[in-house]
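Okay, so here's the structure we're looking at.
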Amino acid sequence: MIWTQEQLYLKIKELENGNRPLGTMEVSNLLGISTKTVIDYLKPVNLIRVTKEKNNYYWDRESVLNYITKHENYHYLLKDSPEYVSSKELEEQFGSILTISQIQHILKKNKDTRISMSGLVNKIKYRRDKIEEEIASVKPINNERTFTTLNGTALTLNNVMHNKDYILYMKVVKELGCPKWYVKHLIKYKQLPNSADFSTTDSSNSHTYVHINDYPILQDLYSKKVVFGDRNSLSDFSEEKEPIDRFNNMLRNYSFKDDFPATHNLYYDFVSDYIANTRTLYVYNYVTSLSKTYMNIKPLLTKEIYLYSNKELEMLFLNESLLKKYKEVLGKFLKFIMTKTETNYSTVPVVRTRVYQKNKIETYSREEFYYMYRQVNDINRHLEKAINSQTYCQDWFLLIMTFSNAWRFPDIIKMPSPNLNILNTQHLSFNWFKKNILPPEKSIRLINDLQKNNRFIINKTNALNELFVPTDMTITFATAISLLELFRRERDYDTDTLFPNYIKPSKDVNYFNYMFEGDVPSFSFKKTTKSLLTYSYVTARNMDKHAGAANAISTRLRGHKNVDTIQHYVRKRQIIHT
């Protein structure tokens, strides 16, 4: 339990006015933790003086008082603390404007600005000012998103969120004990006529609601384990205590046991060995894949698999009905067999892997690229938000570097601190930037100093990198990097780089879309890089005096050691004749 300020004040007064020791249950209730946690965590580290008589623990009252009035413990126990916020409080306060994934991302980024009750590492709260700073830079969810139910009612997310007839699906999952996917699955297959799923590809899964009239339908379907489409009720529900249970469930009707008992036993051992030696959180998914491979092998076998010759295995691998992913698992299985028993084959066929073609990633059109470039370079659009939020400023600088330098992400976040003293500006601060703009000559001086006094060694190629700043971007670049340095100094980070504790966003290209406005295509690091390199190459190629340097320019922008390796990024055929 977390106490209001008034409740916590009364608890402290009770401790101050009493004189007897507290029982374990009293300490448990006061701290909002189980009696087992009290004994397991507090007793060993002697945070609170305790004595034991027979099987009972007695906790010193004064020691308890000192413990809960300690700054971080007090604010942990305080509901709506002005200084700290828990993940639960965050969801309650901002769940209507942020998705669950956005909240989780914010908490992950603030892992170094947390407190926990002393000795209770599993109880965590986060610095409220840091969290609110992050939230200010996050694009809110679209509450006007619509969904038309099966009965034809048009709903908006905003209306449903505030309608007591709709229940958030996570509450239903908790009450029924059904898997999270099941509610969305039933809505998708039109089994819950009044319920709504507002989830999209770029939003959280948390905006799914069950209408109270649909609850009995859901309850009945779940009790019968009814599923639709390609779902398998035997393997998708939670009766599976262990991963091997999924294998057994899926293969009830596909066993080799009668026809090829040795192969059956070997494959069972193969799956068991995989489970025992994997630490992945997705072990059930992998067991599903192993099980499907088993199903696809069975119709093709004519004898125990260890009796196959090299030539027979080659013919088996050439069978068109066996997909590449199943051939890969089969190859591992055959190698596993060789460690367990004598085989007629001595080699395992190699599954040919198709080379991934980087050139599949298209470029933006010239118009799209330049439109996005101008938005990134528009200092008036970004300055206020960059001053108020370190995260926003970091994201802005990442885009500046991507649209001007094509550096890789690990190299950008190693950008060293600039020497702001050479700007020769008195009282340089966030407030200064609210009223002033860096003049061009000072911006260029700062950039020249960075280029002159730093060696940018590239993480991937170990080549010496170059820092390029387009002429029209000098003020924007200098401003953004100066603000990052002010953030670094203000927070006293023990590093001379500008991205301390920065967590790379997910690979979802939509993350940076909040930095743009208007009709702009989804942002992609790879697509932006490819566009910059291609148009830099083409521009130089079409200028007679720079034509010979076209390849070299692209090569240096990406930080490669030679011209040959840059060809993956430059789409010459597509662009030169446009």
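The values are calculated or read from the model by the stated rules, or taken from the named source; none is laboratory data. Given the structure is predicted, the values throughout are model-derived calculations rather than measurements. Counting neighbours? That spans all protein chains shown, and the Cβs are built from the backbone with ideal geometry, glycine included. Please note that ligands, DNA and RNA were not included when accessible areas were found on the heavy atoms of the full protein model with its side chains. Shrake-Rupley method; radii C 1.70, N 1.55, O 1.52, S 1.80 Å.
Per-structure values
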| quantity | calculated |
| --- | --- |
| Filtered GluC sites (Glu not before Pro), the stretch 294-402: DSSP coil and at most 11 other beta carbons within 10 Å | Glu320, Glu342 |
| In Hz, Karplus ³J(HN,Hα) per residue of the stretch 429-436 (6.51, -1.76, 1.60; θ = phi - 60°; x = Gly, Pro) | 7, 4, 5, 4, 6, 5, 10, 9 |
| Listed residues Thr343, Thr69 arranged by accessible area, highest first, probe 1.4 Å | Thr69, Thr343 |
| Sequence-distant aspartates and glutamates (8 or more away, or on other chains) whose Cα lies within less than 15 Å of Lys340 | Asp269, Asp273, Glu304 |
| Glu384-Lys224 pseudo-label distance in nm [points 7 Å out on the Cα-to-Cβ vector] | 5.8 nm |
| Cross-link pairs Lys11/Lys54; Lys43/Lys125; Lys292/Lys324 - those with Cα-Cα distance over 19 Å | Lys11/Lys54; Lys43/Lys125 |
| Those aspartates and glutamates that a straight Cα-Cα span of less than 19 Å connects to Lys184, excepting residues fewer than 8 apart in one chain | Asp165, Glu175, Asp197, Asp202, Asp214, Asp220, Asp230, Asp236 |
| Set Lys88/Lys130; Lys109/Lys174; Lys180/Lys325; Lys79/Lys174 screened for pairs whose C-alpha atoms are more than 19 Å apart | Lys109/Lys174; Lys180/Lys325; Lys79/Lys174 |
| Accessible-area composition of the stretch 1-83, carbon plus sulfur, in percent [1.4 Å probe] | 48 percent |
| Whole-angstrom Cα spans of the stretch 357-423 along principal axes, big to small | 44, 26, 22 |
| Cα convex hull volume per residue for the stretch 25-97 (Å³) | 98 Å³ |
